[in-house]
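A quick write-up on the structure given underneath.
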Amino acid sequence: MRGSGLDLRLEIKSPHLYPGIEGRIAGTLRRNSSWLSENRLVIQSFDRDSLRTFNKELPQVPIGLLGTPRTADLDDLAKFADEINPPYADVTPSYVKCVHDNGMKIFTWTVNDPDDMSRMTSYGVDGIITDKPDVLSELAATPDQRAGNEKADDESFEKLTTVDEINMYQRAA
């Protein structure tokens, strides 16, 4: 992942089925601290309680709340979440502004159409989760990069971040 512009998003799925999963994930990360060294890891879930629990275990690891919480709840969520990660169909410019006004980033998913990618970028999202990083990379590239005259680098992704979702810990270890 180093130098790739990609982040690792570890999603805690169905934590109610795996009591204590947050502590097991935190323990694994502590034993493999290189995963934490470049600040490229985000723990995400739809489950707010699970994210709060994980945040108490490893508060230095960024937290992304999946879904589209009410704007009235954003202030409270900012106490433990670093990101709000809604489906792209729910994203509006005013929602992006509210998330930013509460000190959080917004990454939207799963955006695979180039027109939708452009629209999300115009709204000011901080990142795009996609199944088609090649399409997003092409969209983010400068004209010289598209022509093959210049190599793309992390600077090309200032406002666009491709993310391959990797779902770990679907079963208790």
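The values are calculated or read from the model by the stated rules, or taken from the named source; none is laboratory data. What you are looking at is a predicted structure, and each value in this text was computed from that prediction instead of being measured. Because the Cβ atoms are built from the backbone with ideal geometry, glycine has one as well, and the counts that use them run over all protein chains shown.
Table for the structure above
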{"item": "Any hit, the range 42-60, residues being within 15 Å of the chain's Cα centre (by Cα) and at pLDDT below 95", "result": "yes"}
{"item": "In the range 35-52, the residues that are polar (S, T, N, Q) and surrounded by fewer than 19 Cβ atoms within 10 Å (Cβ to Cβ)", "result": "Ser37, Asn39"}
